[in-house]
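Below: the structure, in structure tokens.
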Amino acid sequence: MGSLLAYVGRGTLNFLRYTGGIARLGKDAAYWTLWAPLRGKGIKGRAAIHQMVLAGVNAVPIVSLISFFVGLVLALQTAYELRKYGGTVYVVNLVAVAMSRQLGPLMTAVIVAGRSASSFAAELGTMKVGEEIDALETIGLNKVKFLVVPKFLALLLVMPCLTLLADLAGIAGGSIFTLYELGMPMGYYWTRATEALLLRDILSGLIKSVVFGIIITMVGCYEGLAVRGGAEGVGRATTSAVVTSITLVIAADMFFSVLFYYLW
Amino acid sequence: MDATDAVIRIEGLTTHYGTRRILNNINLQVRARETLVLLGASGTGKSTLLRHILALERPTEGHVFINGIDTCRASEEELNRVRRRMGVLFQSGALFGSMTLADNVALPLRELTKLEESTIQIMVRMKLDLVGLTGFGDYMPAQLSGGMRKRAGLARALAMDPEILLFDEPSAGLDPITAAGIDALILNLKKTFPLTMVVVTHELVSAFQIADRIAMLHEGEVIALGTVEEIKQASHPRVQQFLNRVPEEQMRDREAYLRSLTAGF
Ligand SMILES: Nc1ncnc2c1ncn2[C@@H]1O[C@H](COP(=O)(O)OP(=O)(O)O)[C@@H](O)[C@H]1O
Ligand SMILES: [Mg+2]
């Protein structure tokens, strides 16, 4: 009994320490991204562009491919049920709305978490182990400004773009199914899809994607900076970065979906 | 010694990792243009002490003053100003793996000064020459041997012409010839520039060669402090153990033996 309490207590403490650490890193990143440049402290533009290429441009093929398949399967599965009621035409609405409100942002976030949260953690963790982060600090350079902010900026911009791409690819995936299985002409499909979509469906997805981007950067960088104990520590941080960021992304997704459902 | 002429002043420094005490009430002063060697076995807290001098860790108790500024209380700006006058060679060299040697050395100059790129290039070449890495500017750190990596780390540490230079085990893990080369390099720097140096090491030969004074650490405490001669004469059993390379088991046997002798009284 006592040990159970101790276990729960320690777990709670660790959780609080973790969230506190993430929040502090987030605050620093926000300062160096938004406030410091206004006070003439500069920003690492080239590093940010480099990160955009790594996290964004290089993710385009995989995001499009996966979203395309998800859209196709979504059309197939909804048609399976809707055809019982003769409502297969509503497949278009379902695919369009589900992709842009939910699956586009979420699939993108899961892919980016797998690609970038892990690479952020591995990169910063290796630097931590090799005393490179200490070296940076003793030179008098801020590690958040130099290492975290470029990644933060990159994901802030790249996440909505990739999400938009995922929305499109998913809806396109659905059109393949409706064309060949239901014989629905492409033109009709796309007109119907655009009619079904409201601006807020797309916007709510994009807002979520920005939040997911913040979560992924913060968790990935925090895990990397917190590495202790050599190569094994880097491995653990990398795994933990992916698992934690996906978990937090899904929690945030739930929160925002409920919020948008009732308020918007 | 007058407290004001100490470049580095450590007062009552105590630190813990978790609940474990690593350093216990350390009091040390490093005078201007002096080379202080921190000598001690592995795990006695030498690197930890160095990290506190660099303000990379915060002590549980006590203070570190650099040129009179309390680094535990300093604002980030003050701290950066202090750090600009310090150069560090980390144990592994700590070169930025994603940059060439030249870019590593140039980084502090590019970020902290407004020098022209052409001037920076010249300064980088000078620093690389100084440490014996002429012509290696375009190499990546991964392409270098351990000794070269340390030399490159030293070139970066010298980039901003620091007054204080700190070394963490500069010759550890190197073959004797390369290690002697690094020691010679340190001696050369000492002769050429008005540097205040703190060198962490567990190697007697290099300690005796480069030190003006030696502080001997054991289990987080300074057990002896003095010139090379004074340390050689010190009667503290742990100092003698270290100087005579007596393994730990034998020490314990000796203590047990002494206790058994006195047990009857
Ligand atoms: N980040 C850390 N977390 C916990 N313990 C540490 C950490 N760094 C060092 N230690 C412990 O502190 C002690 C002193 O370490 P260190 O200063 O590296 O010794 P030295 O440099 O003299 O070999 C060691 O026992 C080590 O296990
Ligand atoms: Mg050490």
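The values are calculated or read from the model by the stated rules, or taken from the named source; none is laboratory data. What you are looking at is a predicted structure, and each value in this text was computed from that prediction instead of being measured. With ideal geometry, Cβ positions are generated from the backbone for all residues, glycine too; neighbour counts draw on all protein chains shown. Heads up: the accessible areas ignore ligands, DNA and RNA and are worked out on the full protein's heavy atoms, side chains in. Shrake-Rupley method; radii C 1.70, N 1.55, O 1.52, S 1.80 Å.
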### Principal axis dimensions, chain B - Cα atoms, whole angstrom, descending
78, 42, 35
## Note on the structure
Computed about the Cα centre, the charge dipole of the protein assembly as shown from +1 Lys/Arg and -1 Asp/Glu charges at the Cβ has a magnitude in debye, to the nearest 20, of 760 debye
### Task
With a Förster radius of 45 Å, plug the Cβ-Cβ distance of A:Leu38 and A:Phe255 into 1/(1 + (r/R0)^6) and report the FRET value to the nearest 0.05.
0.90
### Query
Under a plain spin-label model, where a point goes 7 Å from the Cα along Cα-to-Cβ, how far apart in nm are A:Arg236 and B:Ala263?
4.2 nm
### Residue of A:Thr191, A:Thr126, A:Thr178 that the Gaussian network model of chain A assigns the largest fluctuation, springs spanning Cα pairs under 10 Å
A:Thr191
### Summary
Per the rule of 0.36 nm per residue minus the C-alpha distance, extending B:Ser75 to B:Thr19 adds in nm 17.4 nm
### Message
Residues of the stretch B:192-215 with backbone nitrogen within less than 14 Å of a virtual label 7 Å along the Cα-to-Cβ line of B:Ala180, please, listed as ranges.
### Response
B:205-206, B:209
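Which entries in the list B:Lys150/B:Lys191; A:Lys145/B:Lys190; A:Lys128/B:Lys190 go over 23 Å, if you measure between the two C-alpha atoms of each?
Violating the 23 Å Cα-Cα cut-off are A:Lys145/B:Lys190; A:Lys128/B:Lys190.
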### Query
So how exposed is A:Thr108, as accessible area in Å² (1.4 Å probe, rounded to 10)?
0 Å²
### Message
As a test question: what accessible area, to the nearest 10 Å², does B:Glu61 have when a 1.4 Å probe is rolled over all protein chains in place?
### Response
120 Å²
### Query
Over chain B, what is the mean sequence separation of C-alpha contacts under 8 Å (at least six apart), divided by residue count, expressed as relative contact order in percent?
24 percent
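Charges at C-beta only: +1 for Lys and Arg, -1 for Asp and Glu. How large is the resulting dipole of the stretch B:1-154 about its Cα centre, in Debye rounded to 20?
Magnitude of the dipole: close to 360 debye.
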### Message
Which one, B:Leu166, A:Ala169, A:Thr126, is farthest towards the positive end of the dipole of the protein assembly as shown when Lys and Arg carry +1 and Asp and Glu -1 on their Cβ?
### Response
A:Ala169
#### Entry: Which of B:Phe136, A:Phe146, B:Phe193, A:Phe212 is most accessible, then next, and so on - probe 1.4 Å
B:Phe193, B:Phe136, A:Phe146, A:Phe212
### Summary
Honestly the stretch B:95-161 on the Cα gyration tensor test (a ≥ b ≥ c root eigenvalues; a/c under 1.5 rounded, otherwise a/b vs b/c for prolate or oblate) is just prolate
### Query
If the chain between A:Val243 and A:Tyr262 were fully stretched, how many nm would it gain, using 0.36 nm times the residue separation less the Cα-Cα distance?
3.9 nm
### Task
Would you mind getting me the FRET efficiency between A:Gln102 and B:Thr60? Use the beta-carbon distance for r and R0 = 51 Å, nearest 0.05.
0.55
### Summary
The local net charge around B:Gly135, scoring Lys/Arg +1 and Asp/Glu -1 for residues other than B:Gly135 whose Cβ lies under 11 Å from its Cβ, equals -1
### Counted charge near A:Gly220, where neighbours are those whose Cβ lies closer than 12 Å (Asp, Glu -1; Lys, Arg +1)
0
### Pair B:Gln233, A:Tyr90: separation of 7 Å Cα→Cβ label points (nm)
9.9 nm
### Query
Cα extents of the protein assembly as shown along the three principal axes, largest first, in whole Å?
100, 69, 41
### Message
Considering the Cα positions of the stretch A:2-263, please state its Rg to one decimal place and its Dmax as a whole number of Å.
### Response
21.2, 70
### Task
Rank A:Leu16, A:Leu106, A:Leu197 by mean-square fluctuation in a GNM of chain A with C-alpha springs under 10 angstrom and give only the top-ranked residue.
A:Leu16
### Summary
Comparing B:Leu38, B:Leu130, B:Leu112 in a Gaussian network model of chain B (Cα, 10 Å), the one with the largest mean-square fluctuation is B:Leu112
### Task
Post the alpha-carbon centroid distance, the stretch A:2-70 to the stretch A:144-194, in whole angstrom.
23 Å
### Task
Scan around B:Leu165 for amide H atoms under 5 Å from its own, H built in the peptide plane at 1.01 Å from N, and keep only partners 5 or more places away or cross-chain.
B:Gly87, B:Thr196, B:Met197, B:Val198
### Message
Along the Cα→Cβ direction, 7 angstrom out, place labels at B:Glu221 and A:Leu4. What is the inter-label distance in nm?
### Response
4.6 nm
### Query
Once you list every other residue whose beta carbon is under 12 Å from the beta carbon of B:His16, what net charge do they have if Lys and Arg are +1 and Asp and Glu are -1?
+1
### Positive-end extreme of charge dipole, the protein assembly as shown - chosen from A:Leu197, B:Val82, A:Thr247 (charges on Cβ)
A:Leu197
